[in-house]
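Step one of this worksheet: look at the structure below.
The values are calculated or read from the model by the stated rules, or taken from the named source; none is laboratory data. Being a predicted model, the structure only gives us computed values, none of them experimental. Quick reminder, even Gly has a Cβ in these numbers, built from the backbone with ideal geometry, and neighbours come from all protein chains shown. Heavy atoms of the whole protein, side chains included, go into the accessibility calculation; ligands, DNA and RNA do not. Shrake-Rupley method; radii C 1.70, N 1.55, O 1.52, S 1.80 Å.
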Amino acid sequence: MSKKLYIETLGCAMNERDSAHIIAELEEKEHYSLTQNPKEADLILINTCSVREKPEKKLFSEIGQYAKIKKENAKIGVCGCTASHLGDLILKKTKSVDFVLGARNVSKITQIIHEKRVAWVDIDYDESAYVFSPNPHSPLKGMINISIGCDKKCTYCIVPHTRGNEISIPADLILEEARRMVENGTKEILLLGQNVNNYGKYFSHSHRAINFTQLLNEISQINGLERIRFTSPHPLHMDDDFIIEVAQNPKICKAIHMPLQSGSSAILQKMRRGYSKEWFLNRVEKMRSLIPNLSIGTDIIVGFPTESEEDFLDTLDVLEKVRFDTLYSFIYSTRPHTQAQKWLEVDRSVELVEEQIAKERLLRLKDRHKEILTEDNLKQIGRVHKILFESFDATHSLLEGRSDTNKLVRVKAESGLVGEICEVRISQVKGAQLLGELIS
Ligand code: 5AD
Ligand code: SF4
């Protein structure tokens, strides 16, 4: 009988991808099969995120919960960014954890499960050329890592500390994996990296010259592949060549994630983002002039140390001008090993924004964004989108899928169309949800 694996994945798409690698490795090489029930698992893994403080704090109570309900000899492993960041400390603080495996050490999963009370969290470890076991389930929408780590030093961000230096994955490995996925039924590929459009800058072995724009172009030539998405590009590296490729290549989805972080040039400088408000707006303008229906998503942090009302009004101004289609917004959270934490807690050269003010700014930002979305969604009525159908709800006869602009669209129809790309005319808007009719 196969052993059972339960895995909980927190955080970003990168972590989801790491979990997918872990599952594939354990299924193929250690004969595990996945379960949704931690009580019957022989191995419980928590793939953690450390980008903000709250989920990190919850980790220990979660470990306690799993320890209470697990089978007698079941093992518990902690993986991901908090594993990288806390390492040994996790073993010291809790007896029930059997091993700690840092992000960027994912390829060691089949070894570490046989160890007792170890932490392998080397952030210089280079697994960029490791060939993971293929995912036998070949999903409609596949994910491929194109780089590991991050070469930026944004002053709020813990990721360079948890995922280490940036290294690009060899292009031939990426292309081979993409081809294999497409042969097995994948229609859409999501390329992943901390700064995808910095691709090709660092390889661990000699490699032909290639940048992100060229990689996109090469992947798009795979027959049978319908759509390419990527996350996250850095606004700083959005040069004209890149924008023109996105505009002209029909396989590249017309939805882009452009993490703004702040609309104030002064705050952007303190965050060390490398661009100004004007540069960001200029890139948006250039893209919108070439791709009229482009959907733009963003990440915004409010309450970065020293952020004034005037700085925040600049963020609202960018929101007003760009009218983002999706917004992930956060209150600044102080993270260890970052420059901003040093300014705050070591040098005491700057102060945190009062919690009440930061909360109120977050609310104002979210409220205005909701209004913008409602207004813009109404403009969708009558528009025709190509939808890749991903699921069918038989009880309500509803097909669900996404447009290439990443809008979630539901259609009343029979099943049988999952995996197909069909034209749909939007007929109704219900909150953020679009309802449409198939065009036969
Ligand atoms: N505090 C709040 N939000 C953060 N992010 C990253 N670091 C922090 C932090 N210290 C947000 C950024 C990033 C997203 C993944 O998380 O907006 O783009
Ligand atoms: Fe992803 Fe960053 Fe969270 Fe790590 S810390 S899981 S890279 S969001």
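Below are the figures for this structure:
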| read-out | value |
| --- | --- |
| Subset of the stretch 330-356 [within 12 Å of ligand 1 (Cβ to nearest atom) and not aliphatic (A, V, I, L, M)] | PHE330, TYR332, SER333, THR334, ARG335, PRO336, HIS337, THR338, GLN339, GLN341 |
| Unique residue being open to solvent by 20 Å² or more (accessible area, probe 1.4 Å) and either over 26 Å from GLU127 (Cβ atoms) or not β-branched (Val, Ile, Thr) (or both) when the list is SER204, SER262 | SER204 |
| Residues (closer than 30 Å to ILE90 by Cα and among the charged types (D, E, K, R)) located in the stretch 116-145 | LYS116, ARG117, ASP122, ASP124, ASP126, GLU127 |
| Identity of the residue in the stretch 183-206, out of contact with any helix residue (DSSP H, G or I) (no Cβ under 7 Å at 6 or more places or on another chain) and under 17 Å from PRO170 (Cβ atoms), that ends up farthest from ligand 1 (Cβ to nearest atom) | SER206 |
| Odd one out for SER96 among (1) open to solvent by less than 10 Å² (accessible area, probe 1.4 Å); (2) in contact with a helix residue (DSSP H, G or I) (Cβ under 7 Å, 6 or more places away or on another chain); (3) more than 14 Å from ligand 2 (Cβ to nearest atom); (4) not in a helix (DSSP H, G or I) | (1) |
| Near pairs, Cβ below 7 angstrom, 6+ apart or cross-chain, from the stretch 427-440 (open to solvent by less than 80 Å² (accessible area, probe 1.4 Å)) to any residue that is of a type outside the set (Val, Ile, Thr) and assigned to a loop (DSSP other than H, G, I, E, B) | VAL429/GLN380; LEU434/GLN380; LEU434/LYS407; LEU438/ALA413 |
| Qualifying position, being within 21 Å of LEU10 (Cα to Cα), of a type in the set (Lys, Arg) and surrounded by 15 or more Cβ atoms within 10 Å (Cβ to Cβ), among LYS108, LYS58 | LYS108 |
| Matching residues, the stretch 218-263, being in contact with an Asp or Glu (Cβ under 7 Å, 6 or more places away or on another chain), within 16 Å of ligand 2 (Cβ to nearest atom) and not in a loop (DSSP other than H, G, I, E, B) | GLN261 |
| Residue match in the stretch 110-131 (condition: outside the structural domain of GLY193 (by TED's automatic domain parsing), hydroxyl-bearing (Ser, Thr, Tyr), touching a Cys at 6+ places or on another chain (Cβ under 6 Å) and in contact (Cβ under 8 Å) with a residue 12 or more places away in the chain) | no |
| Residues of the stretch 335-374 satisfying the condition of being open to solvent by less than 30 Å² (accessible area, probe 1.4 Å) and within 16 Å of ligand 2 (Cβ to nearest atom) | ARG335, THR338, ALA340 |
| Matching residues, the stretch 61-75, being surrounded by 20 or more Cβ atoms within 10 Å (Cβ to Cβ), part of a loop (DSSP other than H, G, I, E, B) and not basic (Lys, Arg) | ALA74 |
